[in-house]
Amino acid sequence: MVKLVHLHYSPSFHLQPLNSLKTNQKSRSAAAIPSKQLSLAPSFCSCCGRRHFIEAATAVFLPISPSKSNASTSQSDHYLDLLNRIHPPRPDWYEEFYASVMDTSMKPYEAKIAGYKSQLLEKLKGKAKRVLEIGIGTGPNLEYYAGDNEVQVFGLDPNKKMEKYARAAATAVGLPSKNFHFIEAVAEAVPLDDSSVDAVVGTLVLCSVQDVNMALKEVKRVLKPGGLFLFIEHVAAEDGTSLRLWQTLVDPLQQAVADGCHLTRETGKYISSSGFSSLELSMASLYNAPFSLITPHVYGVACN
């Protein structure tokens, strides 16, 4: 059942209550991967030097017996290939620059949207012990998990340079370092077991993934039955509006400078058609960085 709540856009921010809810770089060659290989192995449905990290992460999060070491290597190679294909390595300086810009430029947005995030992520407190956040970035959401010493947060991001900022954010809000695990990977290929987390969180991430449907399949795969997917995403304005025209004109530039972010993506439709057992989805007009505009967002919670 999908519940849609549409809030008319307004020139100011409103808070509407929810109805419920790279290490040092080295040269590397990425093998070309046929598109059919984007379909993951049955048990896993469908810049450089840093790749050693994901191999270690795969070994930690996908425990196997010694007799299956070859399978482990194959799985690790598979995730590495997808990471390289979907998020090709960028120069080390660029990844660091982008991470630092994100750490500072998004603060006004985070301040404006804090009320929404607080209400949304409150749903997890005391209920979710293992949380995966796709697109952890510099860790702006970590404050909402702090205070629960039992929660384990797995922060996934393809930019390894985000890790130091995310760990600093975790320390600043009192989230124990042993409770935070950074994973360098893409949302389309999450190196976690099936049904291994209680909740998945994504804020401003589905706008920039290469394959939205594949990312949502991964969300459903790693969620336990009954697990929650909580999201806040900016989306395309209504057709025919001046804002939609502006989004269409600026979108190519936005994708180039904002790591693939799409201003005209209709993310709500992707989530609605992804097969969750239940979904409550609302729409609101929120301040959006870096253009200081009020743009439409979808937010809500889906149950696996």
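The values are calculated or read from the model by the stated rules, or taken from the named source; none is laboratory data. Just so it is clear, the model here is predicted, and its values are computed rather than measured. Neighbour counts are summed over all protein chains in view; Cβ atoms, including those assigned to glycine, are modelled from backbone coordinates with ideal geometry. Areas reflect the complete protein model, heavy atoms only, side chains present, ligands, DNA and RNA absent. Shrake-Rupley method; radii C 1.70, N 1.55, O 1.52, S 1.80 Å.
Here GLU238 fulfils each of the conditions (1) under 22 Å from LEU263 (Cα atoms); (2) of a type outside the set (Ser, Thr, Tyr); (3) within 13 Å of the chain's Cα centre (by Cα) apart from (3).
Can you find even one residue in segment 99-111 that is in a helix (DSSP H, G or I) and under 15 Å from GLY227 (Cβ atoms)? Please lay out each step first, then the result.
From segment 99-111, those in a helix (DSSP H, G or I) are 99-105, 107-111; that's our starting set.
The next check asks that each one be under 15 Å from GLY227 (Cβ atoms); those that pass are none.
There is no residue in segment 99-111 that is in a helix (DSSP H, G or I) and under 15 Å from GLY227 (Cβ atoms).
Taking segment 111-121, which residues are over 18 Å from the mean Cα position of the chain (by Cα) and of a type in the set (D, E, K, R)? Give the derivation first.
Of all residues in segment 111-121, those over 18 Å from the mean Cα position of the chain (by Cα) come to 111-112, 115, 119.
The one that is over 18 Å from the mean Cα position of the chain (by Cα) and of a type in the set (D, E, K, R): LYS112.
Condition (residue is touching a His at 6+ places or on another chain (Cβ under 9 Å) and buried (at least 19 other Cβ atoms within 10 Å of the Cβ)) applied to segment 85-93: is it met by at least one residue?
Residues of segment 85-93 touching a His at 6+ places or on another chain (Cβ under 9 Å): none.
Within segment 85-93, none of the residues are touching a His at 6+ places or on another chain (Cβ under 9 Å) and buried (at least 19 other Cβ atoms within 10 Å of the Cβ).
Selection of first residues in segment 257-283 that are open to solvent by 50 Å² or more (accessible area, probe 1.4 Å) and hydroxyl-bearing (Ser, Thr, Tyr) and of second residues that are modelled with pLDDT of 85 or more and not in a strand (DSSP E or B), restricted to Cβ pairs under 8 Å at least 6 apart or on distinct chains, gives the following pairs, ordered by first then second residue: TYR270/LEU206; TYR270/VAL212; TYR270/ASN213; TYR270/LEU216; SER277/ASN304.
Of everything listed in (1) in a helix (DSSP H, G or I); (2) open to solvent by less than 10 Å² (accessible area, probe 1.4 Å), the single unmet condition for MET214 is (2).
Quick check on segment 276-293: of everything there that is in contact with a Leu (Cβ under 8 Å, 6 or more places away or on another chain) and closer than 20 Å to SER118 by Cα, which residue is modelled with the lowest pLDDT? Before the answer, list the steps.
Of the residues in segment 276-293, the ones in contact with a Leu (Cβ under 8 Å, 6 or more places away or on another chain) are 280-285, 287, 293.
The next check asks that each one be closer than 20 Å to SER118 by Cα; those that pass are 280-285, 287.
On the way: GLU280: 92, LEU281: 90, SER282: 90, MET283: 87, ALA284: 84, SER285: 82, TYR287: 67.
Out of the qualifying residues, it is TYR287.
Is it fair to say SER208 is over 16 Å from the mean Cα position of the chain (by Cα) and either assigned to a loop (DSSP other than H, G, I, E, B) or modelled with pLDDT under 95 (or both)? No.
If the condition is being β-branched (Val, Ile, Thr) and either in contact with a Leu (Cβ under 9 Å, 6 or more places away or on another chain) or in a helix (DSSP H, G or I) (or both), then segment 112-140 contributes ILE113, VAL131, ILE134, ILE136.
Can you confirm whether LEU192 is touching a strand residue (DSSP E or B) at 6+ places or on another chain (Cβ under 7 Å) and part of a strand (DSSP E or B)? Considered against the rule, which asks whether it is touching a strand residue (DSSP E or B) at 6+ places or on another chain (Cβ under 7 Å) and part of a strand (DSSP E or B), LEU192 comes out as no.
Within segment 146-158, the set of residues being open to solvent by 10 Å² or more (accessible area, probe 1.4 Å) and within 17 Å of the chain's Cα centre (by Cα) comprises GLN152, ASP157, PRO158. Please determine whether any residue of segment 158-177 is farther than 20 Å from GLU233 by Cα and in a strand (DSSP E or B). The answer is no; no qualifying residue exists.
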